[in-house]
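Please read the structure below before turning to the comments.
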Amino acid sequence: MKGQEWYQENDVAKAYDDKRFSGGGRFIDRREKAAVLDALAPVEDKRILEVACGTGRFTVMLADRGANIVGMDISEAMLEQGRRKARAAGVAETLSFMQADAGRLPFPDDHFDTVFAMRFFHLAPDPGGFIEEMCRVSKSQVFFDTFNRYSTRSIYNWALPMGSRLYSGREARELIVGSGLELADLAHDFVLPYGFYRAIPDWIARPFRAADRALGRTPIGDHLASVSYWDTRIRE
């Protein structure tokens, strides 16, 4: 099953958070949220679009911190999970969820201060077209992550139930430059791939994560990282 088809399945949406962000997956959730907050802060009153928001992990978090945010996704099943999450967090009235295609964003040019997408580009059949749309509707900032080709991610990539695109650093930089963006900041993390953490309990994952972070701080850490966070700006 191809990535988009797999992603939009109802049973995938219902179990998405539990399968990925429980147990050792909590370390992934914590780090991804920190990466988003580090890049986008301060978020209060900022107009933000999250492309491919899924179940609203980041959308709800940013709404709770005062952002004026829209969460957009192609999967209605994922969006419904996001609406439930927003109601549980008490922010349902302060954000918007909408179903739309990331290749044709239904917003005018320069509509948002920031546009970001997490866990999206590994499923994107046309990454250049998608990032150009993100640039079009952003006044300033575009933030996204990529899974890295020359990393442990490639070892188990063939076993995933969906197609998964991996990027070299050169390919990601070419995507950025070709879309009229300039790199403001870049961070790397997770020498051990996400799938490893999702497969083990929290108490087992904790020492592995400590070792992972220690290795990541060494000179070779960036070269071994399985994920990169790209913080870019619209070129003047």
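Bear in mind these aren't lab numbers, they're just calculated from the coordinates by the rules spelled out. Nothing here was measured: the structure is a model prediction, and the numbers come from that model. Here the Cβ positions follow ideal geometry from the backbone for every residue, glycine too, while neighbour counts run over all protein chains shown.
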(message) Test of the criteria: in segment 116-206, which chymotrypsin sites (Phe, Trp or Tyr not before Pro) are in a DSSP loop and have at most 14 other Cβ atoms within 10 angstrom of their Cβ?
(response) 150
(message) So for the chain, if I pair up every lysine 8 or more residues apart or on another chain, how many of those pairs have alpha-carbons under 25 Å apart?
(response) 11
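How large is the direction-averaged shadow of the alpha-carbon convex hull of segment 16-135, in nm²?
On the way: hull surface 28.8 nm².
Its average projected convex-hull area is 7.2 nm².
In the chain, what is the volume of the convex hull around the alpha carbon atoms, normalised per residue and reported in Å³? Mind showing how you got there, number by number?
Numbers: hull volume 28.1 nm³, N = 236.
It is 119 Å³ per residue.
Grab the other residues whose beta carbon is less than 14 angstrom from that of residue 204, score K and R as +1, D and E as -1, and report the net. All intermediate terms of the calculation are to be shown ahead of the outcome.
Working: positive: 26, 198, 206, 209; negative: 202, 212.
Residues near residue 204 contribute +2 overall.
So what is the 222 nm mean residue ellipticity for the chain from helices alone, if each DSSP H run of at least 4 adds -39500 (n - 2.57) and you divide by all residues, rounding to the nearest 500 deg cm²/dmol?
Numbers: 11 runs with 103 residues, N = 236.
Only helices count here, giving -12500 deg cm²/dmol.
GluC sites (Glu not before Pro) within segment 26-70: which are DSSP loop residues with at most 14 other Cβ atoms inside 10 Å?
On the way: sites: 32, 44, 50; in loops: 44.
Within segment 26-70, the qualifying GluC sites (Glu not before Pro) (loop, at most 14 other Cβ atoms within 10 Å) are 44.
What full-extension length gain, to one decimal in nm, is calculated for residue 33 and residue 170 as 0.36 nm per residue of separation minus the Cα-Cα distance?
Details: separation 137, 0.36 × 137 = 49.32 nm, distance 2.54 nm.
In short, 46.8 nm is gained.
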(request) Treating the Cα atoms of segment 163-236 as identical point scatterers in vacuum, please give the log10 of the normalised Debye intensity I(q)/I(0) at q = 0.20 Å⁻¹, two decimals. (result) -0.91
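From the gyration tensor of the Cα coordinates in segment 72-171, what semi-axes in whole Å does the equivalent ellipsoid have, largest first, with each one equal to sqrt(5λ)?
Details: eigenvalues 138, 75, 29 Å².
Taking √(5λ) for each Cα gyration eigenvalue gives 26, 19, 12 Å.
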(request) Quick one: net charge around residue 195, please, counting Lys, Arg +1 and Asp, Glu -1 for every other residue with C-beta under 12 Å from its C-beta. (result) +4
(request) With all distinct Cα pairs included, what does the Kirkwood hydrodynamic radius of segment 12-54 come out to in Å, to one decimal, could you say? (result) 12.0 Å
(request) Just flag the trypsin sites (Lys or Arg not before Pro) in segment 67-151 sitting in loop per DSSP whose Cβ has no more than 10 other Cβ atoms within 10 Å. (result) 104
(request) Grab the other residues whose beta carbon is less than 14 angstrom from that of residue 133, score K and R as +1, D and E as -1, and report the net. (result) -4
(request) Any chance you could check the Cα centroid distance between segment 82-108 and segment 25-48 for me, in angstrom? (result) 17 Å
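For segment 108-236, what is the charge dipole size about the Cα centre, in debye to the nearest 20, if Lys and Arg each add +1 at the Cβ and Asp and Glu each add -1 at the Cβ? Present the calculation step by step, with values, prior to reporting the outcome.
Values: 15 positive and 17 negative charges, 127 e Å.
With only Lys, Arg, Asp and Glu charged at Cβ, the dipole is about 620 debye.
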